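Undergrad: First, the structure itself, so that you have it in front of you.
The values are calculated or read from the model by the stated rules, or taken from the named source; none is laboratory data. The shown structure was predicted, so the numbers you read here are calculated from the model rather than taken from an experiment. Cβ placement follows ideal geometry from the backbone for every residue including glycine, while neighbour counts extend to all protein chains displayed. Note: areas computed on protein heavy atoms with side chains; ligands, DNA, RNA excluded. Shrake-Rupley method; radii C 1.70, N 1.55, O 1.52, S 1.80 Å.
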Amino acid sequence: MAPSVAELKGEELPNPIAGLKSKLSYPFYYPYFDVNEKFPPTQLFEHIDAGVNADPAKPNLLTPNTTTRNISPYIGTEITGVQISQLGKEGLDELALFAAERKVLLFRDQDFKDIGPERQIAIARHFGPIQRHPTSGNVKGYPEFHVVYRDPEHDEFREYRGRDQVSGVSWHSDISYEKQPPSTTFFFILDQPGVGGDTLFLSQVEAYRRLSPEFQKRLEGLRAVHSAVYQAEFSERRGGPVRREPVETEHPLVRKHPVTGEKALYVNQGFTRRIVGFKKEESDLILNFLFDHIAKGADFQIRAVYAPGTVVVWDNRVTAHSATVDFENTILRHAVRLTPQAEVPIPA
C-alpha cells in the first residue's frame, strides 16, 4: 500500500524552522522556493468549460446521500455526503456547473488531502490547465501547487499587504492578470488554527446587480489593466523567485460567464490598476468606488469556515475573496491551492 501523503517527507525544511517539521501534518507540501526555477510565458489555449456538458439536475453530484445547505441566497453552499475524489467525468462536469451557479462550494469531510499529488492534480486539471504561480511557494517537483503557509517565522501575507495596514482584509480574484484567468479553483487546509483563519468570499454577480442600470451600461464595454508587476517586485525584494516575467493584461470591467450567462464585475483591488482610455483621476474615481462597493457588500459576502477535511471549490470568474488573518502569528496555518485556467474573459 502506498504511504499516506501525511507520511511523505517532502523538501527538507530550512534550519531556522527545522523545529517546526515535527508539527507539520503534511510536510510534503511545505512551500518550496527556487530562485533558479523559470517558466516560459503563458500561451493562449482553447478552453471549453466543463460545466457546458453538465446535466442541470446534477445526478452524479447531488445524489440521495448528498446534503446541501445554502449559506447565503447569493453565494455559498455547504455540501456533505459526497467525495470529490470519487466523482467521474460527469460528476466533475456537474461540479463545475454547481460552482458557477453557487459561486462557492464548501465540501465537508473530504479525503482529498490524502489521495496524493498526482490524483489531486488530475482532478483539478479536468477544469483546465493548472496555473504555475510565478512567485509563490510550490511543492518541489509539483509546480502546480500554490502553497499558503504561515508560522511564527514566516508571515509573507502580512509583509505583502504592508505592516502598517489597519486591516488584513485584501479582496482579490486569483491571478486575474493572466491572459486566461482561472475558473473552478480548489483549496484545502492541511493545518489550521482552532479558531479563525477563515476566508471571506463575495459574489461579483450580485455586486454588479446592485448597481443602477445606467451605471451598469456605463461600465459595460470598458476594459481595465490587471498587473502582476507588484507581486513580482515584492518577491524579488525579499529574495524570492520570479519564475516568469510579470504581465499586464486588459480584461473587460464586466464579464459574462460562459455557462450561466451571468454578468459579473471583474475588478479587484489586488491586481486591477487602471481603466483603459481614462485619465488617472477618472480611472481612480471609478475603481475606488467599485472597490469600496465590493468591500462594503456584507449582504453578498460569506465567511467560509474551515474544519478538518474541508475542500473549498469556487469560481474565480464571478467571485472575489480575502484571507482573514485573525489568529496569532504563533499559530501554524498550512493550505494548498490548485488553480485551473479558463477562457479569455468574455465581455458582457
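Undergrad: Using r as the Cβ-Cβ distance of Thr63 and His293, and R0 as 35 Å, what FRET efficiency do you calculate, to the nearest 0.05?
TA: 0.35
Undergrad: Please compute the Kirkwood hydrodynamic radius over segment 191-348, one decimal place, Å, based on all pairs of different Cα atoms.
TA: Value: 17.5 Å, from the Cα pair sum.
Undergrad: Looking at the chain, which longest stretch skips every one of the GluC sites (Glu not before Pro) that is in a DSSP loop with at most 12 other Cβ atoms within 10 Å, leaving the sites themselves out?
TA: 154-327
Undergrad: Here's another thing I want to ask about it. If I compute solvent accessible area with a 1.4 Å probe over the protein chains, what percent of it on the chain is carbon and sulfur?
TA: 51
Undergrad: Moving to a separate point now. Keeping all protein chains in place, calculate the accessible area per residue for the chain (probe 1.4 angstrom), answer in Å².
TA: Accessible area per residue, the chain: 44 Å².
Undergrad: So how much accessible area does Arg237 have, in Å² to the nearest 10, using a 1.4 Å probe?
TA: 150
Undergrad: In what sequence, largest accessible area first, do Leu44, Leu106 appear using a 1.4 Å probe?
TA: Sorted descending by solvent-accessible area, the residues read Leu44, Leu106.
Undergrad: By accessible area of protein heavy atoms, probe 1.4 Å, what ranking do Tyr26, Tyr74 get, highest first? Please list the in-between numbers first.
TA: Working: Tyr26 15, Tyr74 80 Å².
Order by accessible area, largest first: Tyr74, Tyr26.
Undergrad: Given a cut-off of under 8 Å on Cα pairs at least six residues apart, what relative contact order in percent is computed for segment 225-348?
TA: 31 percent.
Undergrad: Towards the positive end of the charge dipole of the chain, with charges on Cβ (+1 Lys, Arg; -1 Asp, Glu), say which of His321, Leu338, Ile189 has the farthest Cα.
TA: Selected residue: His321.
Undergrad: Can I ask one more? Nearest 20 debye, what's the magnitude of the dipole of the chain about its Cα centre given +1 on Lys and Arg Cβ and -1 on Asp and Glu Cβ?
TA: Dipole about the Cα centre, nearest 20: 440 debye.
Undergrad: Need the list of lysines near Lys179 for cross-linking: C-alpha distance under 18 angstrom, and skip anything on the same chain fewer than eight residues off.
TA: Leaving aside lysines fewer than 8 places away in the same chain, those within reach of Lys179 are Lys256.
Undergrad: Which percentage, to the nearest 5, of the DSSP beta bridges contained in the chain is antiparallel?
TA: Roughly 95 percent of the DSSP beta bridges within the chain come out antiparallel.
Undergrad: Taking +1 at the Cβ of each Lys and Arg and -1 at the Cβ of each Asp and Glu, which of Gln83, Val225, Leu285 sits farthest along the dipole of the chain towards its positive end, judged by Cα position relative to the Cα centre?
TA: Leu285
Undergrad: List the residues, sorted by chain then number, that are 5 or more residues from Ile130 or on another chain and whose placed amide H is less than 5 Å from its amide H.
TA: Excluding prolines and chain starts, which carry no amide H, the hits are Gln341.
Undergrad: Here is a further query. Heavy atoms of the protein only, probe of 1.4 Å, neighbouring chains included. What is the accessible area of Leu285 in Å², nearest 10?
TA: The accessible area comes out at roughly 130 Å².
Undergrad: Give the ranking of Phe300, Phe291 by solvent-accessible surface, highest area first, calculated with a 1.4 Å probe.
TA: Details: Phe300 5, Phe291 25 Å².
Descending accessible area places them as Phe291, Phe300.
Undergrad: A further question on this structure: Using a Gaussian network model of the chain whose springs link C-alpha atoms within less than 10 Å, name the residue from Ile123, Ile75, Ile48 with the highest mean-square fluctuation.
TA: Ile48
Undergrad: Checking the cross-link filter: which lysines have an alpha carbon closer than 29 Å to that of Lys113, excluding same-chain neighbours under 8 positions apart?
TA: Counting by Cα, and skipping residues close in sequence, Lys113 has these lysines nearby: Lys9, Lys21, Lys23, Lys38, Lys58, Lys89, Lys103, Lys140.
Undergrad: With N set to the residue count of segment 173-280, report its C-alpha Rg divided by 2.2 N^0.38 Å to two decimal places. Walk me through the numbers on the way to the answer.
TA: Numbers: Rg = 16.5 Å, N = 108, 2.2 N^0.38 = 13.0 Å.
That works out to 1.26 for segment 173-280.
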